[in-house]
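All remarks here apply to the structure that follows.
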Amino acid sequence: MSVQSRFVCAVLALFLFQAGHSHAQETKEALKAKFAAAMCPIFQKAVADPQMASLTNAQYMSLITQGFAPVVGKEMAAINRLYGAKAFGNTKIMNQIGSEVGAQLLQECPAFVTISQRVVAEGASTAATTGQTLGTIGPLGGTDLARLQVNGKKGEKNEFVVLNRFAGADEMLPQLSGLQGKPARISWQETDVYQPQQKRYEKVREITGIELL
């Protein structure tokens, strides 16, 4: 074998080794990230669609399928390699993958959180619990959610969250730090918000309006 032939063989061997090493390094985390990255644009598009202001269970599952199914079809080999030889046909394992991808989306795709909150439970009452609270405006803070404290006449501290834009929000919210102590009427509705750190839903009062008195 000539020197040139030996060199070509050595280069090919090195390439194949590096390719195999890279394949071996692919992890479940990398695969879940790939699924989440493919699905997030579907939810971003749905959030921007006025017709998606509320969703039935069937519509929600259709969105999941639109994002999940095409990638799953391309990654059958990776799923079977990482989760077991027959993982692709195992309902329990596929549900597990779906749950793990959902957890990833909750952390990386705000549109997924928004669209999930728009799902209306079928067969149940869709009427939200609403109300109004009088008090004085307190501080606006929070790390997981924007939380506004409103102080009642008897010293109680009521908490409300900002989830969606409400009438006058663009003008009101930037001024809140200078409005502390001002009397106001807070209109709100109860909703459930998933908290990834606690791994559970939290019932909160979402602000739907603020009226200075």
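The length gained on full extension between THR133 and THR114, counted as 0.36 nm times the residue separation minus their Cα-Cα distance, comes to 4.3 nm. Phi-derived couplings, Karplus 6.51 cos²θ - 1.76 cosθ + 1.60 at θ = phi - 60°, listed residue by residue for segment 204-213: 10, 9, 8, 5, 10, x, 10, 10, 6, 10 Hz, with x used for Gly and Pro. Using the Cβ of ILE186 as centre and a radius below 9 Å, the other residues enclosed give a net charge of +1, where K and R count +1 and D and E count -1. Bridging of LYS203 to lysines at a Cα separation below 23 Å is possible for LYS157, once same-chain residues fewer than 8 apart are set aside. Dividing the convex hull volume of the alpha carbon atoms of segment 130-212 by its residue count gives 93 Å³ per residue.
Here the alpha carbons of segment 26-156 define both size measures, Rg and Dmax, at 19.7, 65 Å. Net length available on complete extension from TYR201 to GLN107 is 32.4 nm, with 0.36 nm assigned per residue and the Cα-Cα distance removed.
Given Cβ point charges of +1 (Lys, Arg) and -1 (Asp, Glu) and nothing else, what value in debye, to the nearest 20, does the dipole of segment 130-212 about its Cα centre take?
260 debye
Computed from the coordinates by the stated procedures, all read-outs in this text should not be read as laboratory data. What you are looking at is a predicted structure, and each value in this text was computed from that prediction instead of being measured. Note that each Cβ is placed from the backbone with ideal geometry, even for glycine, and that neighbours are counted across all protein chains shown.
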